[in-house]
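Q: Quick one: structure below, then a few questions.
The values are calculated or read from the model by the stated rules, or taken from the named source; none is laboratory data. Treat the numbers as computed from the prediction; the structure is a model and nothing was measured. Neighbour counts are summed over all protein chains in view; Cβ atoms, including those assigned to glycine, are modelled from backbone coordinates with ideal geometry. Side chains included, ligands, DNA and RNA excluded: accessible areas come from the protein's heavy atoms. Shrake-Rupley method; radii C 1.70, N 1.55, O 1.52, S 1.80 Å.
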Amino acid sequence: MNINTLQVYEDEIQSLEKEIKMLTEEYECNQHGSLAYSNGKAKKAMKTIKRKFQEDPKQYYSSLDLRTQLALLESDFSFLMNFTGICFKNYSRKLVEKNEIKTAYKYRLSGDCQSVPFQLEFRLTEENQSNKNDYAVVTDLNIIIESEESSDLSQLVSRVEESGNLLLFFKSLSSFSEWCEYRKCTLSHFKNKYPNTVSLPEGLSGDCMILKNPKLPGFELMIVWKIHVDKDGKVVPVMDLLSKIPMPVLENKKFASEMPHWFRSLLHVLGIEASIEAVIKSLCKGE
């Protein structure tokens, strides 16, 4: 590698360092959240709830018109699907046991949550004990996630299958699917905006983005974007910045080791999209 090429790499690294420091100082007083949800969707859902409760309660709950009741139920069901992103496609129930003490059914459900398909099979036992309220118990739960992201949900699925907590499963699945959809839209946005700089080796459903500057051969950045779900159902994005820098430059700079730290600082201050934009713009300055 000649001296001129080496100098170009060093100048670019210094430019990246200055750009990150400037952005961090400029936005350190601002608080920007990383939003995976559509604010418009949430506001629309809340308006729908408010409108329903402002209606005549007798008309909503006590109407003798079965067609009206059915229409209201279908409206509620459509609202829940739009709000949670969960759409049930197949459903079956089979009676497996019934006596004076309890009634047991075998359920099979399948559907999609955003772009994540799922299948459920479980036994629901309804027990009626004297002087006590009726209650139901979920057992023999089996969950199948038919998606490339299924490995990210493995801890949650194991926990839910053991506890029978369907509410936890659907709540976490909805949040996870929202993040997956947000990541896919974000990757697509930057790929379309910077086609010569951004590449997606695993496609839109992948969890990484490669950044290259044609003027700097061998210099490569990779943004890794995982979506972690723990056994308690908490969904959080986990992002990192990795680098591939020619050895002569790497030996003379600490920037490669400090780069992940700077990127995480940007994420905390700017949020996801603005941080990615800042890295790409800094890298493109050498063109």
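Q: Give the Kirkwood hydrodynamic radius (Å, one decimal) of region 72-165, defined as one over the mean of 1/r across all pairs of different Cα atoms. Working shown, then result.
A: Working: mean 1/r = 0.0661 Å⁻¹.
Radius from the Kirkwood sum: 15.1 Å.
Q: Measure up 171/226; 193/231; 94/171; 184/285; 184/234 against 29 Å on the Cα-Cα distance and list the ones that go over.
A: 193/231
Q: Still on this structure, I have one more. Quick check for you: with a 1.4 Å probe and neighbouring chains kept, what is the accessible area per residue of region 72-191, in Å²?
A: Accessible area per residue: 58 Å².
Q: Among 73, 103, 119, whose Cα lies farthest out toward the positive end of the dipole of region 68-133, if unit charges sit on the beta carbon of Lys, Arg (+1) and Asp, Glu (-1)?
A: 103
Q: Hey, what do the phi angles of region 216-223 turn into as Karplus ³J(HN,Hα) couplings, whole Hz, using 6.51/-1.76/1.60 and θ = phi - 60°, x for Gly and Pro?
A: 3J(HN,Hα) across region 216-223, in whole Hz: 10, x, x, 8, 9, 10, 10, 9.
Q: In addition: Residue by residue through region 270-276, what is 3J(HN,Hα) from phi via Karplus (6.51 cos²θ - 1.76 cosθ + 1.60, θ = phi - 60°)? Round to whole Hz and write x for glycine and proline.
A: Working through the residues one at a time gives 9, x, 5, 5, 5, 5, 4 Hz.
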